[in-house]
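Only one structure is covered here, and it is reproduced in the block below.
Bear in mind these aren't lab numbers, they're just calculated from the coordinates by the rules spelled out. Quick caveat, the model's predicted, so the values are computed rather than measured. In this analysis, Cβ positions are derived from the backbone assuming ideal geometry, glycine residues included, and neighbour counts consider all displayed protein chains.
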Amino acid sequence: MKVVIIMGSKGDLEWSKKIAETLKNFNVECVLRVASAHKVPLKVLEIIKEYEKEDVVFITVAGRSNALSGFVDANTLRPVIACPPYGDKFAGVDIFSTLRMPSGVAPLTVLEPEQAALAACKILALKYKELSEKIENYQKEKKKELERDDEEVRKWVV
């Protein structure tokens with residue numbers, strides 16, 4: 001079981017590292033690669049072919065004009081999760097290049113790195129039951145955090 005993160009450029013590395021760190025917490029192998037669907041589409045195809053025979057989920061990280069997510073999805077039967085980095089530049093409207101895909105192309109879009117990693121783990125957990133237990137423990141811990149936070153704020157008097 002593996003997650004392959006394909007970045008559109010090395011500039012996406014910090015965003016991708018956040019995904020990789022979460023995957024590491026679930027003990028899911030992660031591979032980081034760089035290839036642009038605009039600039040080196042044949043390399044993207046080579047990367048897909050290299051890994052798609054395995055139990056793999058692809059996560060694509062590309063902003064601006066995100067052709068990478070749709071390109072990867074259109075060329076594999078494996079799940080693809082688009083996790084585009086976003087910022088204030090262009091008021092965030094470049095996210096639309098990730099949200100609007102042509103017919104027959106369906107990468108999932110998850111905007112936060114931690115959640116993209118969690119989505120990939122849930123997909124892999126359909127086959128790897130030991131991963132389901134880790135996800136369940138993760139969710140329980142998140143719920144405990146909220147309970148602790150609730151107790152803390154209840155002490156505040158307004």
Q) Where a Cα-Cα gap under 23 Å defines reach, which lysines qualify for K18, not counting those fewer than 8 residues away within the same chain? A) K2, K10, K89, K122, K134, K140, K142, K143, K144
Q) Using the alpha-carbon atoms, what tilt in degrees (0 to 90, nearest 10) does helix 129-154 show relative to the longest principal axis of the chain? A) 50 degrees
Q: Would you grab the residues whose amide H sits under 5 Å from the one on M7? Only those 5+ places off in sequence or on another chain, please, with H modelled 1.01 Å from N.
A: R33, V34, A35, V61
Q: Just report the Cα centroid separation between region 31-81 and region 113-136, whole Å.
A: 20 Å
Q | Largest to smallest principal axis extent of the C-alpha atoms in region 68-137, angstrom | A | 42, 28, 14
Q: Give the dimensionless ratio obtained when the Cα radius of gyration of region 2-130 is divided by 2.2 N^0.38 Å.
A: 0.96
Q | Cα-centred dipole magnitude for the chain, charges only on beta-carbon of K, R (+1) and D, E (-1), debye, nearest 20 | A | 320 debye
**Q.** Estimated [θ] at 222 nm from DSSP helical runs (n ≥ 4, -39500 (n - 2.57)) normalised by residues in the chain, nearest 500
**A.** -15000 deg cm²/dmol
**Q.** Hits among aspartates and glutamates - C-alpha to C-alpha of K17 under 20 Å, sequence gap 8 or more where chains match
**A.** E29, E112, E114
Q) Hey, rough spin-label estimate for V157 and K49, points 7 angstrom out along Cα→Cβ, what's it come to in nanometres? A) 7.2 nm
